[in-house]
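Everything on this sheet refers to the single structure shown next.
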Ligand code: NDP
Ligand code: GDR
């Protein structure tokens with residue numbers, strides 16, 4: 001019998017990559033999407049449309065992480081072998097503006113799923129994956145960060161995810177549920193949300209290159225991250241649920257770059273040679289023609305910042321044979337190339353007198 005998976009956050013970046021991976025492995029994939037006034041299934045529409053990919057094995061349900069009744073009903077109906085809890089208000093900066101909602105969906109959401117497993121008597125059947133995050137390390141206590149590094153969360157998002165991390169560990173220990181945390185460092189792709197810094201940069205620079213926009217405004221250029229590719233990381237999410245014993249794993253590339261370095265490389269991909277002038281909020285990125293391309297907007301600084309993250313995924317490599325496949329340079333190249341195509345499309349639409357999408 002084919003396995004049945006339930007993915008929360010199916011319409012998000014990781015949800016889309018994971019659904020594709022599980023369908024390719026023969027799973028029946030159920031996803032939970034929330035009701036929105038506009039379509040929010042852009043990232044997964046191809047899974048419905050191509051019968052060779054899904055063959056009727058891809059099913060969506062309306063639900064919300066803040067609504068236990070919908071979650072419990074769906075789990076009862078689907079009887080999943082595996083639940084991947086990817087749904088979250090996942091934007092760190094937004095969590096300072098919506099701290100209570102972030103706690104409700106990101107912290108209590110995980111509890112609601114685990115309670116549903118328990119209430120429905122599925123403790124021995126259903127395996128549970130929690131999307132934990134390198135943001136737990138926040139004000140870092142050790143470099144690089146590994147499974148044993150102490151946590152010091154620095155945002156309402158990270159504090160909510162800290163609860164979700166520990167409730168996952170607790171339900172594993174208290175009720176014997178196969179539940180584990182993937183502590184994933186930043187991972188990106190051409191379908192990354194447009195307000196996360198990498199996608200904001202590749203999309204913004206591609207549009208500047210084609211004259212669709214003049215300048216890109218950013219915040220802290222000194223922040224350093226360990227950036228990998230989402231496609232590589234969802235493979236690890238699946239692997240973590242296939243082991244004899246549930247354990248928590250750090251997933252990272254082990255390399256680190258600053259936001260400034262990301263911008264410089266992405267610009268170079270587009271033929272723009274940036275030089276940096278001034279500092280703090282006065283810093284500017286200038287191209288080889290003397291045009292200011294990057295400016296700082298203090299709005300994008302966070303009340304408490306995570307300055308540096310660098311992961312050590314030795315445990316994943318040794319126990320699961322996992323290693324990141326995509327290099328930083330390949331990731332940047334792929335994202336820039338996809339956003340250049342999207343900008344070219346917008347330019348054509350404009351040339352025909354229409355309003356470009358999401359400009
Ligand atoms: P996205 O923001 O792209 O996707 C989040 C998903 O959660 C979307 O499908 C969104 O729906 C859904 N969602 C948000 N709130 C609710 C809610 N209240 N009820 C139901 N669904 C909801 O995130 P990613 O795919 O990048 O990340 C997946 C998970 O991994 C998240 O939990 C994130 O916090 C975590 N994580 C991500 C990392 C990364 O670098 N990408 C690193 C470490 C952890 P909608 O489409 O309608 O908005
Ligand atoms: P992060 O990702 O907070 O690490 O959380 P994000 O891309 O938002 O920020 C990374 C770093 O870039 C700095 N930065 C900016 N960030 C944004 N969004 N916009 C800007 O204009 C900008 N300028 C500079 C930020 O200050 C920060 O230091 C992501 C999310 O996917 C989380 O859900 C996940 O848990 C972590 O990665 C691991």
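The values are calculated or read from the model by the stated rules, or taken from the named source; none is laboratory data. Please read these numbers as outputs of a predicted model, since none were measured by experiment. Because the Cβ atoms are built from the backbone with ideal geometry, glycine has one as well, and the counts that use them run over all protein chains shown.
Any residue at all in the stretch 190-204 that is within 27 Å of residue 3 (Cβ to Cβ), out of contact with any strand residue (DSSP E or B) (no Cβ under 7 Å at 6 or more places or on another chain) and either assigned by the TED database to the domain that holds residue 133 or at pLDDT 95 or above (or both)?
There is at least one residue in the stretch 190-204 that is within 27 Å of residue 3 (Cβ to Cβ), out of contact with any strand residue (DSSP E or B) (no Cβ under 7 Å at 6 or more places or on another chain) and either assigned by the TED database to the domain that holds residue 133 or at pLDDT 95 or above (or both).
Of all residues in the stretch 26-46, count the ones that are part of a loop (DSSP other than H, G, I, E, B), in contact with a strand residue (DSSP E or B) (Cβ under 9 Å, 6 or more places away or on another chain) and either free of Cβ contacts under 8 Å to residues at least 24 places away in the same chain or more than 15 Å from residue 3 (Cβ to Cβ) (or both).
The qualifying residues number 5.
Out of all the residues in the stretch 195-217, which are in a loop (DSSP other than H, G, I, E, B) and within 10 Å of ligand 2 (Cβ to nearest atom)?
Those that are in a loop (DSSP other than H, G, I, E, B) and within 10 Å of ligand 2 (Cβ to nearest atom): 195, 196.
Looking only at the stretch 72-91, filter to residues that are crowded, with 18+ Cβ neighbours inside 10 Å and over 19 Å from the mean Cα position of the chain (by Cα); which one of those is farthest from ligand 1 (Cβ to nearest atom)?
81
Restricting the stretch 159-190 to residues that are part of a helix (DSSP H, G or I) and surrounded by 24 or more Cβ atoms within 10 Å (Cβ to Cβ), which is nearest to ligand 2 (Cβ to nearest atom)?
Out of the qualifying residues, it is 161.
Any idea how many residues of the stretch 263-298 are closer than 25 Å to residue 138 by Cβ and either in contact with a strand residue (DSSP E or B) (Cβ under 8 Å, 6 or more places away or on another chain) or free of Cβ contacts under 8 Å to residues at least 24 places away in the same chain (or both)?
So the answer is 7.
Would you say residue 326 is crowded, with 18+ Cβ neighbours inside 10 Å and either at pLDDT 95 or above or closer than 17 Å to residue 210 by Cβ (or both)?
Yes; evaluated as a whole, the condition is true for this residue.
Out of all the residues in the stretch 78-103, which are within 23 Å of residue 170 (Cβ to Cβ), away from ligand 2 (no atom under 16 Å from the Cβ) and in contact (Cβ under 8 Å) with a residue 12 or more places away in the chain?
Selection gives 80, 81, 82, 83.
Filter the stretch 111-135 for residues that are in contact with a helix residue (DSSP H, G or I) (Cβ under 6 Å, 6 or more places away or on another chain), within 14 Å of ligand 2 (Cβ to nearest atom) and part of a helix (DSSP H, G or I) and give the result.
The one that is in contact with a helix residue (DSSP H, G or I) (Cβ under 6 Å, 6 or more places away or on another chain), within 14 Å of ligand 2 (Cβ to nearest atom) and part of a helix (DSSP H, G or I): 135.
Looking only at the stretch 301-318, how many residues end up being surrounded by 14 or more Cβ atoms within 10 Å (Cβ to Cβ) and touching a helix residue (DSSP H, G or I) at 6+ places or on another chain (Cβ under 8 Å)?
5
Report, by residue number, each residue of the stretch 225-241 that is within 12 Å of ligand 2 (Cβ to nearest atom) and assigned to a loop (DSSP other than H, G, I, E, B).
226, 227
Among the residues of the stretch 62-69, are any over 23 Å from the mean Cα position of the chain (by Cα) and either more than 11 Å from ligand 2 (Cβ to nearest atom) or surrounded by fewer than 22 Cβ atoms within 10 Å (Cβ to Cβ) (or both)?
For the stretch 62-69, residues over 23 Å from the mean Cα position of the chain (by Cα) and either more than 11 Å from ligand 2 (Cβ to nearest atom) or surrounded by fewer than 22 Cβ atoms within 10 Å (Cβ to Cβ) (or both): present.
What do you reckon, is residue 227 over 18 Å from residue 301 (Cα atoms), within 16 Å of ligand 1 (Cβ to nearest atom) and free of Cβ contacts under 8 Å to residues at least 24 places away in the same chain?
In short, no.
Kindly state which strands (runs of 3 or more DSSP E) lie completely within the stretch 242-288 and contain at least 2 residues that are within 30 Å of residue 82 (Cβ to Cβ).
249-251
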